[in-house]
Each structure stands twice: as C-alpha cells, then as structure tokens.
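**Student:** One structure, pasted below without further comment.
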C-alpha cells in the first residue's frame, strides 16, 4: 500500500523558540513529533511525520499552530499540509504568520510531481524568519543550521 504520510521539517530562523500549541489532524495521526513539538531558535527541527491510518487509506491532512514569545513579543505561525489519498487530488502546503514582520514559506513541495506520495520531509521545509533579515540573522542562519546542510542526508 502506498505511503500517504506527510513528512516535513521546520527551519526556525527566529531568535524565539517555537512550540507546537495546537493541531487539527482530520486525516492521519502523529507518528513523529520531535522534541514534543519544540523548535529552538536558529535551528532546523528533526523530521515531523503525520501518518496515514493503515486500516483504510485516507491520506493525511494537518493544521498546526506554532507559538513563541520573548518578553512582550508574541508570534503565531500556522502550517498546513495535505497528502490526499489517490491521484485525483494534489499535495498542498501553506504557512502563514500573524505578523507582517515575519515571513513564512514552504519549499521543496514535490513541485515536479504534485501527486507524488509521500510528501517527503527531506525536500519539504518550512522556513520562518524576520523581515527584514538583519546581518546577525543572516550570519546565524547561514551557519551549521542551514537547511540545505541539514536536509542533504
């Protein structure tokens, strides 16, 4: 049976730890939730996985809400993924923030094969960073926590 799991990593380029506060998973269940959903500042998470139920394939779909704070600064990030069952629907992913000062993007989402299964975490990464990028942010994020380095294995 095909794997309709959703695999992804979070590249947190912020100076704030992000914590998975809430999730809604209408299709599938958590198979891997690294570090209890905490993504430390300036790091790339281990692989998250929402797995399809093995009894009857339904695909996977998940809404995840990450939050972080430092002093008066509070942020909220919404991440959405789906890897639907069958080939009639395409994979999809989205990331939004509650602040115009934050940018959130999804890259590597099986762009050549939108119906390819599973949604693979070695290529799919959510990047979250401050806007505008400051020289100190660029320096920290281009070091050992660079997504291309972390995802090359």
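Every number here is computed from the coordinates shown, using simple stated rules; none is lab data. As the structure is a prediction and not an experimental result, all values here were calculated from the model. When we count neighbours, we look across all protein chains shown, and the Cβ atoms used for this are built from the backbone with ideal geometry, even at glycine.
**Student:** Going by how many other beta carbons lie within 10 Å of each one, how would you line up 56, 30, fewest first?
**Tutor:** On the way: 56 8, 30 14.
Lowest to highest Cβ neighbour count: 56, 30.
**Student:** Taking 7 Å along the Cα-to-C-beta vector as the label spot, tell me the residue 85-residue 31 distance in nanometres, rounded to one decimal.
**Tutor:** 1.6
**Student:** Given a Förster radius of 22 Å and the C-beta distance between residue 70 and residue 105 as r, what FRET efficiency does 1/(1 + (r/R0)^6) yield to the nearest 0.05? List each step's numbers first, then the result.
**Tutor:** Working: r = 22 Å, r/R0 = 1.01.
That gives a FRET efficiency of 0.50.
**Student:** Under a point spin-label approximation (7 Å from Cα along Cα-to-Cβ), what is the residue 63-residue 3 distance to one decimal in nm?
**Tutor:** Using points 7 Å along Cα→Cβ, the separation is 2.8 nm.
**Student:** Fewest Cβ neighbours within 10 Å first, please rank 80, 7 accordingly.
**Tutor:** Values: 80 15, 7 22.
Ordered by Cβ neighbours within 10 Å, fewest first: 80, 7.
**Student:** Taking the Cα-to-Cβ direction at residue 41 and at residue 22 and moving 7 Å from each Cα, how far apart do the two end points lie in nm?
**Tutor:** Output for this residue pair reads 2.6 nm.
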